[in-house]
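Before any comments, here is the structure.
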Amino acid sequence: MLLPLLCLVLDYLCNSITARLFYAEINPIFVSLAQYPLQGLGLKLILCGSMLWMGTMDFATLPIWKRVLVIVLLCVVYLQIAVFMLLGSFLSHTLSLYSLVLILLSLPFAGLALHQMRRLAITQA
């Protein structure tokens, strides 16, 4: 889960360097993320948490309906990128609240991944 925080710092540095060096017009979403970097943290956390959870699953042993459910859930998680960009373009004042909701939604994924990792560590020992 530290990876999204590292990505957040790198995004902030890249955005600020690009804005200062090239004086180019930047997408308003990136300007908003450069001014308020914690807004993008929720999106990064939910993507990282869901991928950690997916990586710890034994996907091959799941019944077909659970596999389909996991794939649909991951599609919904990835659609949050589009929702985040649309909110940033049209309703930029709601990004902080939406990021907070995404952070709260990422906590169950991270908890499930940690639980699975603990179970995998016990069975490997």
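The values are calculated or read from the model by the stated rules, or taken from the named source; none is laboratory data. What you see is a predicted model, and the numbers here were worked out from it, not measured in a lab. Virtual Cβ from ideal backbone geometry, glycine too; neighbours counted across all protein chains shown. Areas reflect the complete protein model, heavy atoms only, side chains present, ligands, DNA and RNA absent. Shrake-Rupley method; radii C 1.70, N 1.55, O 1.52, S 1.80 Å.
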When all protein chains stay in place, what accessible area (Å², nearest 10, 1.4 Å probe) is found for V68?
80
Taking 111-117, 89-95 and ranking on average Cβ neighbours within 10 Å, highest first, one gets 111-117, 89-95
Accessible surface, per residue, of the stretch 63-125 when the full set of protein chains is kept, probe 1.4 Å, Å²
71
Need one number: nm distance between label points at L62 and I81, each 7 Å from Cα along Cα→Cβ, rounded to one decimal.
2.0
Can you put C7, C14 in order of accessible area, largest first, using a 1.4 Å probe?
C14, C7
Give the ranking of R118, R67 by solvent-accessible surface, highest area first, calculated with a 1.4 Å probe.
R118, R67
